[in-house]
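Quick notes on the structure that follows.
Values quoted throughout were computed directly from the atomic coordinates according to the rules given, and no laboratory measurement underlies them. Computed from a predicted model, the values in this text were never measured in an experiment. Virtual Cβ from ideal backbone geometry, glycine too; neighbours counted across all protein chains shown.
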Amino acid sequence: MSKAKHLFAATATLTAIFMASPADAAQRYALQTGADLAAVCANPAASGTVTEEESARLSVCGAYIQGFLGHYAVARRGIDKPTFCLPAEGVSAENVRQLFLALLEQRPQIRDLPANLDLTTSLAWGYSCDKKAAK
């Protein structure tokens, strides 16, 4: 299975999970585009204070990122040339969240691409295999 198909499958699975059992009964998240994921992953409105709704929203963001990275950890075994190279010590979902939001801030024109492509792009941007090889 190609890298793109693995990433698409993971995104479709996560989207189905979020739609079937939302973090908050009053709120459902459709994580189709980068803009959708950015809305879920956005920083809290007030620094230092996180409302219950924001906490639930950020939990969905963290679950999406963890699911994406978990799937990538399995799928990368079959990938000849990876799109990104995470450090051996790993990365936190929070670091990935911040990297993703920074990319969309710098390149808002990609916000309408599928969420998994925008997340992959942000990881390739922040964890380039070329940069890792140069070290």
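Of note:
- Cα centroid separation, the stretch 85-102 to the stretch 39-76 (Å): 12
- Remark: the TRP125-ILE110 segment gains 4.1 nm on full extension, using 0.36 nm per residue and subtracting the alpha carbon distance.
- Charge dipole magnitude, Cβ of K and R +1, D and E -1 - the stretch 39-92, Cα centre, debye nearest 20: 320
- Working note: Karplus 6.51/-1.76/1.60 with θ = phi - 60° gives the stretch 71-86 the couplings 5, 4, 4, 7, 5, 5, 4, x, 9, 5, 10, x, 6, 9, 10, 6 Hz, where Gly and Pro are set to x.
- For THR33, distant residues with modelled amide H under 5 Å away: ALA115
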